[in-house]
Amino acid sequence: MLELSGVGKSFGKNEILRDVNLKVAAGDVIAILGPSGSGKTTLLRCINFLEIADQGTMVLEDRTIQLPRAKKSEVAFVRQKTSFVFQNYNLFNNKTALENVTEGLIYGRKIPAKTAKEIGRKALEKVGMADRSDFYPSQLSGGQQQRVGIARAIAGNPDVILFDEPTSALDPELIGEVLSIMKKLAQEGTTMIVVTHEMSFAQSVATKAIFMDGGVILEEGEPHEFFVRPRHERTKQFLRSILYEMEYTI
Amino acid sequence: MSLDFAFMKSSFFLAAGAVPLTLFITAMTLLASLPLAFIIAVARSGQKGKVLNLIFSLYVSAVRGTPIIVQILIIYTMLPDLLKFLIEKLGLPFDVYAINNVFYAILIFSFSSIAFLSEVFRAGLRAVGRSQYEAALAAGLSGFRAYTRIIAPQAVSAVLPVLCTSVNNLIKMTSLCFAIAVNEITGVVRVAASRNLHFVEGFLIIAAIYVLICLTVEWGFKILENKVRAHKVSA
Ligand SMILES: Nc1ncnc2c1ncn2[C@@H]1O[C@H](COP(=O)(O)OP(=O)(O)OP(=O)(O)O)[C@@H](O)[C@H]1O
Ligand SMILES: [Mg+2]
């Protein structure tokens with residue numbers, strides 16, 4: 001459904017992504033792991049054209065798109081078919097929870113306002129935020145804001161949802177409420193690419209785990225293989241350091 | 001010193017009668033300069049446009065660095081001739097000297113308002129930040145919609161207090177119109193006062209009228225601010 005090949009991206013002299021290839025099938029939940037600065041966020045941003053890749057192609061549904069030379073219509077197509085959940089939520093501060101969800105439906109997808117509102121209410125209900133429809137982001141907790149962020153992402157019924165560390169800005173006690181919604185979405189067959197440091201989530205929910213380091217995909221595999229018998233030395237080191245951190249926080 | 005209350009009363013009504021013209025000049029100036037100032041601010045906050053940035057910063061410095069009365073005199077003495085030249089070149093059936101001075105006043109005030117309002121909006125845009133724009137794009141909004149629906153409302157509400165000051169400054173600025181014989185508040189009372197030399201009474205009345213107008217504007221902005229308070233990021 002979504003296929004990336006040969007994606008490369010540099011900022012000035014720094015090569016951030018190098019020959020990244022990724023195949024996503026419907027229903028996949030792909031967990032991307034990797035140390036800070038390895039290019040995980042940049043990869044997601046290149047998929048959604050928040051960053052323009054220097055090399056690479058994307059196949060989405062029946063279209064093949066040259067990432068560095070995407071036309072306006074192609075960018076619009078990709079943004080209709082994907083959605084983004086940001087690390088810092090990035091809800092529209094001047095819009096209520098419901099308006100945050102409907103804004104993209106009405107002005108991005110040209111859905112009539114009345115229908116958009118119905119869709120928006122359903123999406124908010126799904127993330128348990130129906131009773132906060134009329135609240136502004138500044139009136140919501142971090143966890144609640146991210147749940148609205150997820151509602152905004154699912155409302156347009158995209159092919160793929162891109163999550164960039166959706167829980168890493170949250171207080172520990174609020175992480176669970178967001179992860180459990182993501183788990184529910186995964187069980188319903190939502191296709192997701194999730195950059196995360198939540199190992200237990202990656203282990204139990206993902207259909208595929210990917211380890212990135214220095215802008216390349218070093219290793220990928222099914223979670224039970226990936227976590228139990230990582231092949232690459234760097235992957236082992238990384239998993240050990242994360243597990244150590246987890247024990248440390250416990 | 002004794003005040004001539006009868007004259008004060010008559011000049012109050014005289015001044016009140018000129019309030020609509022003052023407000024008209026203010027409103028037309030704002031109508032012309034608010035959108036233009038915002039567009040300039042947006043253009044200047046983009047990554048591109050180094051030349052554009054230089055041109056506009058020179059413009060802003062020029063406007064800021066000259067007294068408004070000097071701007072009025074320069075534009076008012078230069079513009080008619082310039083317009084006349086243009087009209088004759090284009091062969092338009094149009095008499096430059098029939099143009100009302102109110103038109104020149106609006107033009108002059110827009111010229112300076114665009115400069116300082118664009119600075120105000122630039123500060124507002126900086127307060128909103130790029131992530132809101134990216135979230136709008138990711139949600140499928142066009143760049144234009146992202147600005148009109150998400151960025152602009154937040155940028156404006158961030159600078160409402162400064163805008164209030166700017167509007168009040170503009171209203172007070174229109175009093176300088178007397179220099180080009182426009183009969184707004186200051187002009188009409190000044191003429192009346194010069195007839196019987198009751199300047200003190202006349203000027204006190206003018207002051208009172210401006211205070212009333214500016215208080216009303218402030219009150220209006222307070223209501224607006226309360227309306228948008230919920231949008232403001234508290235954290
Ligand atoms: N706009 C930019 N300009 C210049 N360098 C950038 C830009 N965005 C990212 N980088 C650099 O690219 C590298 C990869 O960044 P990226 O955000 O993709 O890493 P990440 O894997 O998401 O890290 P983290 O786990 O800390 O979020 C970093 O070294 C970063 O400094
Ligand atoms: Mg990142």
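The values are calculated or read from the model by the stated rules, or taken from the named source; none is laboratory data. Only a predicted model underlies this, so the values are computations on that prediction, with no experimental measurement involved. Cβ placement follows ideal geometry from the backbone for every residue including glycine, while neighbour counts extend to all protein chains displayed. Heavy atoms of the whole protein, side chains included, go into the accessibility calculation; ligands, DNA and RNA do not. Shrake-Rupley method; radii C 1.70, N 1.55, O 1.52, S 1.80 Å.
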Chain B: angle of helix B:5-45 to the longest principal axis, Cα-based, in degrees nearest 10: 20
As an exercise, take the mean of 1/r over every pair of distinct alpha carbons in chain A, invert it, and state the Kirkwood radius in angstroms. 18.6
For the range B:80-187, with equal point scatterers placed on the C-alpha atoms only and solvent neglected, what are the log10 I(q)/I(0) values from the Debye formula at q = 0.15, 0.19, 0.20 1/Å, to two decimals? -0.80, -0.93, -0.98
Inter-label distance for A:I52 and A:S200, nm, one decimal - labels placed 7 Å from Cα along Cα-to-Cβ: 4.4
Rounded to two decimals, the Rg over Rh value of the protein assembly as shown from Cα coordinates and the Kirkwood Rh reads 1.13
Rg/Rh over Cα atoms for the range A:82-213, Kirkwood Rh, comes to 0.96
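Have a look at the DSSP beta bridges in the protein assembly as shown and tell me what percent are antiparallel, nearest 5.
Looking only at bridges with both residues in the protein assembly as shown, the antiparallel portion is about 60 percent.
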Share of Cα-Cα pairs in the range B:107-168 lying beyond 12 Å, as whole percent: 68
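Which value, in Å², gives the accessible area per residue of the range B:73-190 when a 1.4 Å probe is used on the protein heavy atoms?
I get 45 Å² per residue for this part.
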Using Cα-only point scatterers and the Debye equation, what is log10 of I(q)/I(0) for the range B:154-212 at each q in 0.30 Å⁻¹, rounded to two decimals? -1.18
SASA check, B:R130, accessible area w/ 1.4 Å probe, all protein chains in place, rounded to nearest 10 Å², comes out at 130
Of B:S157, A:M182, A:V101, which is farthest along the charge dipole of the protein assembly as shown in the positive direction, counting Lys and Arg as +1 and Asp and Glu as -1 at C-beta? B:S157
Do any residues of the range A:83-114 show a loss of at least 40 square angstrom of accessible area between the isolated chain and the full protein assembly, using a 1.4 Å probe, and if so which? A:N90, A:F92, A:N93, A:N94, A:E103, A:Y107
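Which trypsin sites (Lys or Arg not before Pro) does the range A:1-39 hold that lie in a coil by DSSP with at most 11 other beta carbons within 10 Å?
A:K13
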Working with all protein chains in place, sort A:M199, B:M78 by solvent-accessible area computed with a 1.4 Å probe, largest first. B:M78, A:M199
Which number comes out as Rg/Rh for the range B:26-154 once both Rg and the Kirkwood Rh are worked out on C-alpha atoms? 1.08
Between A and B, buried accessible area summed over both sides at probe 1.4 Å, in Å² to the nearest 100? 1900
When only alpha-carbon atoms count, how far does the range B:5-234 stretch along each of its three principal axes, as whole angstroms with the largest first? 68, 50, 31
Roughly how tilted is helix B:101-128, in degrees to the nearest 10 and between 0 and 90, from the longest Cα axis of chain B? 30
Just to verify a number: FRET efficiency for B:N196 and B:K89, C-beta to C-beta distance, R0 = 45 Å, to 0.05? 0.40
Reported to the nearest 10 Å², A:E233 has, with a 1.4 Å probe, an accessible area equal to 100
Calculate what fraction, in whole %, of the accessible area of the range B:5-234 sits on carbon and sulfur atoms when a 1.4 Å probe is rolled over the protein chains. 71
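In percent, what relative contact order does chain A have, based on Cα pairs under 8 Å that are 6 or more apart in sequence?
Once normalised by length, the contact order is 25 percent.
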With a 1.4 Å probe and all protein chains kept in place, how much accessible area does B:V162 have, in Å² rounded to the nearest 10? 70
Gaussian network model of chain A, springs between alpha carbon atoms under 10 Å - residue of A:D62, A:D213, A:D28 with greatest fluctuation: A:D62
Of A:Q146, A:Q187, A:Q87, the one that fluctuates the most in a GNM where chain A has Cα springs shorter than 10 Å: A:Q187
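Please report the net charge: other residues with Cβ closer than 10 Å to the Cβ of A:E165, K and R +1, D and E -1.
Within the 10 Å Cβ shell, the charges total -1.
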Carbon and sulfur together cover what percent of the accessible area of chain A at a 1.4 Å probe radius? 48
Name the GluC sites (Glu not before Pro) in the range A:44-91 that are in a loop by DSSP and that have at most 14 other C-beta atoms within 10 Å, would you? A:E61
At 37 °C and 0.692 mPa s, grab the translational diffusion coefficient of the range A:1-148 from Stokes-Einstein with a Kirkwood Rh over Cα pairs, rounded to a whole number in µm² per second. 192
Listed residues B:V70, B:V167, B:V60; largest mean-square fluctuation, Gaussian network over chain B with Cα springs below 10 Å, found at B:V70
In degrees, nearest 10, the alpha-carbon axis of helix B:68-90 is tilted away from the dominant principal axis of the alpha carbons of chain B by 80
